[in-house]
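Working notes, beginning with the structure itself.
Just so it is clear, none of the values below were taken in a lab; they were calculated from the coordinates. Note that the structure is predicted; figures quoted are calculated from it, not measured. Reconstructed Cβ throughout: ideal geometry from the backbone, glycine too, with neighbour counts over all protein chains shown.
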Amino acid sequence: MLLYCLVVYQSWMNRNSIKHGKDRCSPCLMAASILEVLNVDSYSSHLKQRDNLQSFGLCSVSSWCPPPSGWLKINVDGALQKSNVGGIGIVIRDSMGKLIVAAGWSILHWDSTQVEMMAIQFIEKLVVEWMFELNGVIVEGDNASVIEHFQKFKLKDLWKMQPEDGDKWSWMKLFQQVLFIHTYRRFNMAAHYCAQRALEDSFLWDTGDRNICIPQEFFNILEDDSSSLVF
């Protein structure tokens, strides 16, 4: 049943993208996204139906969805201006949709795809030891080619084959499981906001720090993401 739902969902999203003038998702990418969900038996075996539906965006076609209980979801995004000023945005939330930390880094670069990949690399800057005790993390981004790359990257353990790049991705091995899932911009607005804000300056919003001042505009995005969730 889960496989059927995933196939229908991916097909619907693909048709919707074509209808709105966006690039068509290749059959290989669709299959990779589905297999990424089904790949780990231990992951799916203990999840309730609600967790399965919510964790991969099947609970709603109009909102961000939280990860299953015992998991974190990490949304990432990158932005790049013609001046080569770039921004990286990362947002980490728990299974209740509660913000753990959000951050943005201002960088200089010339390649938008590399900026998107750096957003995944920079996750290492935000992870803390207690996260490694969880069941895993779901990394979600709206750049389909980058997500597909990391699905293959993780599957083939390419960091072992490329020692010069291995340290960039070593954080992945510290988690119980890491899943890479593609989403669309409208479901990735929190990370998109952080990436755009980082074009001006770097920042760190850690909810454990009482002295931080998080913009109301960002809170509004988080509230919109959580407004349709049912627990």
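Each residue of the range 116-127 was assigned a 3J(HN,Hα) from its phi angle through the Karplus expression (A = 6.51, B = -1.76, C = 1.60, θ = phi - 60°), giving 5, 5, 5, 4, 6, 4, 6, 4, 4, 6, 10, 6 Hz with x at Gly and Pro.
Normalised by the number of residues in the range 62-226, the mean separation of alpha-carbon contacts (under 8 Å, six or more apart) gives a relative contact order of 33 percent. Using a cut-off of 25 Å between Cα atoms, the listed pairs 82/152; 82/154; 73/154; 73/152; 73/125; 73/168 include 82/152; 82/154 as exceeding that distance. Shown here for the range 88-147: trypsin sites (Lys or Arg not before Pro) in loop regions (DSSP other than H, G, I, E, B) with at most 12 other Cβ atoms within 10 Å, namely 98.
Taking amide hydrogens as placed 1.01 Å from N in the peptide plane, the amide H of residue 107 sits under 5 Å from those of 86, 87, 88, each at least 5 positions away in sequence or on another chain.
Please figure out what share of the DSSP beta bridges in the range 62-226 is antiparallel and state it in percent, rounded to the nearest 5.
Around 65 percent antiparallel, to the nearest 5.
Whole-percent P(r), the range 62-226, all Cα pairs, 10 Å bins from 0: 11, 41, 38, 10, 1. Karplus-based coupling profile of the range 174-185, in residue order and whole Hz: 7, 8, 4, 8, 10, 10, 10, 10, 7, 10, 10, 3, with θ = phi - 60° in 6.51 cos²θ - 1.76 cosθ + 1.60 and x standing for Gly or Pro. Computed from phi, the 3J(HN,Hα) profile of the range 143-148 under the Karplus parametrisation 6.51, -1.76, 1.60 (θ = phi - 60°) reads 9, 4, 5, 5, 5, 4 Hz, with x in place of Gly and Pro. Calculated on the Cα set of the range 109-158, radius of gyration then Dmax: 12.3, 37 Å.
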